[in-house]
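Single-structure report; data block below.
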Amino acid sequence: MSSVQVAATGPAHAHKRIGPGLALASLGAIAFSGKAIIVKLAYRYGVDAVTLIMLRMLFALPLFALMAWWAGRGKPALTRRDWTGVAGLGFSGYYLSSFLDFAGLAYVTASLERLILYLNPTLVLLFGWIAYRRRITRWQAAGMSVSYTGVLLVFGHELQLGQSAAAAWGTLLIFLSAVSYAVYLVASGEFVKRLGSLRLVGLATSVACVLCIVQFVLLRPVETAFLVAPAVIWLSVLNAIVCTALPVLAVMMAIERIGPAMAAQTGMIGPMSTILMGVLILGEPFTAWIAAGTVLVIAGIFVFTRTGR
């Protein structure tokens with residue numbers, strides 16, 4: 001093919017990839033945002049966080065194990081160092097962060113949960129500055145300030161609902177969940193290069209699934225897993241497939257087509273979709289404070305990511 005033909009077909013080919021890529025990134029963001037809605041619905045049946053996360057991970061384990069096997073075909077076997085790293089990343093990035101998130105959702109709205117977790121890029125930058133002395137620009141600092149102001153606005157609204165202690169505890173748990181996941185992102189760079197992103201995610205999430213199941217066996221009578229309402233089982237299956245495995249694959253495929261920067265920008269629809277589903281499905285309030293806080297968080301992250309390229 002001549003250079004003229006490449007020039008003529010290149011933009012058209014790129015355009016064909018952008019459409020599906022944006023669709024996949026949007027699907028991943030919306031599906032992942034639905035996790036909070038499903039968890040809040042399940043809590044209405046009296047289930048606790050330990051049981052609920054065990055059920056989610058129990059149904060997700062075969063999917064992630066299959067993902068790890070598929071991505072690892074024909075690749076070198078993992079060394080002892082690789083397995084140690086995968087175990088640590090699985091503990092921090094998917095077990096601890098998921099459990100803290102589920103626990104926190106028992107006390108705060110799905111809207112506040114999504115906004116707190118959306119601060120994750122700022123935490124990654126802060127940890128990068130602490131660990132590697134990576135520079136933080138003025139625009140990045142400004143974007144961080146705007147985003148955290150937005151979260152504080154929504155947090156203040158939660159306090160006005162008359163459950164200040166519960167809201168504070170739930171907010172702390174979810175913020176610690178974001179911290180735990182940010183640690184995973186900062187520490188995973190070397191292993192992503194060695195193992196590949198899909199293989200690492202499959203292995204690390206499989207480790208997390210096993211940890212959640214072991215946690216349940218240690219803390220709860222095994223037979224109680226079969227005493228939950230049938231709706232909790234179906235919600236957990238939905239959570240495992242639609243809100244856990246599907247978003248991972250969709251975002252990975254989106255990154256292959258449009259790159260990580262555009263995929264991250266598309267992910268900004270996540271908080272909005274969570275708030276919309278929270279209002280329509282859960283009956284959560286939507287006030288001017290929530291709207292203002294959401295706008296600030298999204299605007300701050302937009303400035304932060306645009307200036308951080």
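The values are calculated or read from the model by the stated rules, or taken from the named source; none is laboratory data. Since the structure is predicted, the reported quantities are computational estimates derived from the model, not experimental observations. Counting neighbours? That spans all protein chains shown, and the Cβs are built from the backbone with ideal geometry, glycine included. Note: accessible area is taken over every heavy atom of the protein model, side chains too, but ligands, DNA and RNA are not part of it. Shrake-Rupley method; radii C 1.70, N 1.55, O 1.52, S 1.80 Å.
Within the stretch 162-188, the set of residues being in contact (Cβ under 8 Å) with a residue 40 or more places away in the chain, farther than 28 Å from LEU89 by Cα and not polar (S, T, N, Q) comprises ALA166, ALA167. For GLY143, the criteria (1) at pLDDT 85 or above; (2) assigned to a helix (DSSP H, G or I) hold in every case but one, which is (1). Remark: pairs (first residue in the stretch 280-304, of a type outside the set (A, V, I, L, M); second residue outside any helix (DSSP H, G or I) and at pLDDT below 80; Cβ separation under 7 Å; 6+ apart in sequence or on different chains) = PHE302/MET268. Selection of the stretch 123-155 for residues being within 26 Å of GLY189 (Cβ to Cβ), surrounded by fewer than 24 Cβ atoms within 10 Å (Cβ to Cβ) and of a type outside the set (A, V, I, L, M, F, W, C) yields GLY128, TYR132, ARG133, ARG134, ARG135, THR137, ARG138, GLN140, TYR148. Criterion applied to ALA71, ALA77 was being among the small types (Gly, Ala, Ser) and touching a residue at least 60 places away in the same chain (Cβ under 8 Å), and the one residue passing it is ALA71.
Among the conditions (1) open to solvent by less than 30 Å² (accessible area, probe 1.4 Å); (2) small (Gly, Ala, Ser); (3) within 22 Å of GLY196 (Cα to Cα); (4) out of contact with any Gly (no Cβ under 8 Å at 6 or more places or on another chain), ALA49 misses just one, which is (3). Taking the criterion of being open to solvent by 40 Å² or more (accessible area, probe 1.4 Å), of a type outside the set (D, E, K, R) and over 22 Å from the mean Cα position of the chain (by Cα), the residues of the stretch 213-248 that qualify are VAL214, VAL217, LEU218, LEU219, PRO221, VAL222, THR224, PHE226, LEU227, PRO230. Taking first residues from the stretch 120-139 that are in a loop (DSSP other than H, G, I, E, B) and partners that are open to solvent by 100 Å² or more (accessible area, probe 1.4 Å), the Cβ contacts under 9 Å between residues at least 6 apart in sequence or on separate chains come to ARG135/TRP129; ILE136/TRP129. The helices (runs of 4 or more DSSP H) falling completely within the stretch 162-244 that include 2 or more residues that are modelled with pLDDT of 90 or more map to 164-187, 197-219, 230-240.
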